[in-house]
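Some notes on the structure that comes next.
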Amino acid sequence: MSDFKLTKDKLPDIAKELGVDISKVVDLLPRFTEFYEDVRQQHLASVMRALELRVRRKRDDPNFRIIWGTMTRGTTSTKDAVALLYRKLSLFAIAVPPEMNLQQLRNHVAHELGHLFYDTEHPEDKNDKQLNQKMANVFGVFTMLERGDFYKEKAPKMCNSTWYQVINDFKQLSNREDGKLGTS
Ligand SMILES: [Zn+2]
């Protein structure tokens, strides 16, 4: 287990250092834990979000959204993810087969996002299915290289040396004269 793991034994220190009633902190933990389960399910969320914004801009479609979900077990025999672009609904929907491991899932999502990216950048190629299939893989490789570089090189440097330092960082923040909710 990493030292940074959010465990109950850290709550008294968090409450004390930030000057919050311990019962408030204890109450927030299960709600946060439930929320964070959803965060863990958002694979490649930053790539997905940035692509969503790019497509909105490029297609002048402010409502454009990308969603993904797992196929219902037994409804399909496909081993590959599928994605559909619903232009009238401003929607790109990715469906991933169940029982994929995390790495397969991320690769499949990256490939499907690659289709959307290539279709957006090179609409003139849209009838060349083989080319699109290959370029979706190229996008997948580009994306996973960037992610690998981030996890191996950049993410470790963004991490504090101890979990207590994280509390101290926010203790500094809480010393500022704060504005109204959400303004600073
Ligand atoms: Zn494909």
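Bear in mind these aren't lab numbers, they're just calculated from the coordinates by the rules spelled out. All of these numbers come straight from a predicted model, not from anything done at the bench. No Cβ is skipped: glycine too gets one built from the backbone with ideal geometry, and neighbour counts run over all protein chains shown.
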Query - Unique residue being within 30 Å of R59 (Cα to Cα) and surrounded by 13 or more Cβ atoms within 10 Å (Cβ to Cβ) when the list is N137, N127, N160 - result: N137
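Yes/no matrix, rows are residues, columns are (1) in contact (Cβ under 8 Å) with a residue 40 or more places away in the chain; (2) assigned to a helix (DSSP H, G or I); (3) surrounded by 11 or more Cβ atoms within 10 Å (Cβ to Cβ):
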| residue | (1), (2), (3) |
| --- | --- |
| V26 | no, yes, yes |
| R31 | no, yes, no |
| E37 | no, yes, no |
| V55 | yes, yes, yes |
| N63 | no, no, no |
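Somewhere in the stretch 90-111, is a residue over 28 Å from R40 (Cα atoms) and out of contact with any strand residue (DSSP E or B) (no Cβ under 7 Å at 6 or more places or on another chain)?
Scanning the stretch 90-111 turns up no residue that is over 28 Å from R40 (Cα atoms) and out of contact with any strand residue (DSSP E or B) (no Cβ under 7 Å at 6 or more places or on another chain).
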**Report entry** Sole residue being within 14 Å of the ligand (Cβ to nearest atom), in contact with a helix residue (DSSP H, G or I) (Cβ under 6 Å, 6 or more places away or on another chain) and either charged (D, E, K, R) or free of Cβ contacts under 8 Å to residues at least 24 places away in the same chain (or both), chosen from D125, D80, D119
**Finding:** D125
Query raised in the report: What number of residues within the stretch 80-110 are over 19 Å from K129 (Cβ atoms) and in a loop (DSSP other than H, G, I, E, B)?
Result: 8
Query raised in the report: Mind checking which pairs have a first residue in the stretch 99-116 that is under 22 Å from R73 (Cβ atoms) and in contact (Cβ under 8 Å) with a residue 12 or more places away in the chain and a second that is in a helix (DSSP H, G or I) and of a type in the set (F, W, Y), Cβ under 8 Å, 6 or more apart or different chains?
Result: H111/F139
Requested in this report: All but one of (1) closer than 21 Å to L53 by Cα; (2) of a type in the set (S, T, Y); (3) assigned to a loop (DSSP other than H, G, I, E, B) hold for Y118, so report the exception by its number.
Outcome: (3)
Query raised in the report: Going by the conditions given, is A110 over 23 Å from G148 (Cα atoms), touching a Gly at 6+ places or on another chain (Cβ under 9 Å) and within 16 Å of the ligand (Cβ to nearest atom)?
Result: no
Query raised in the report: Residue check: is I67 away from the ligand (no atom under 15 Å from the Cβ), touching a residue at least 24 places away in the same chain (Cβ under 8 Å), in a strand (DSSP E or B) and within 16 Å of the chain's Cα centre (by Cα)?
Result: yes
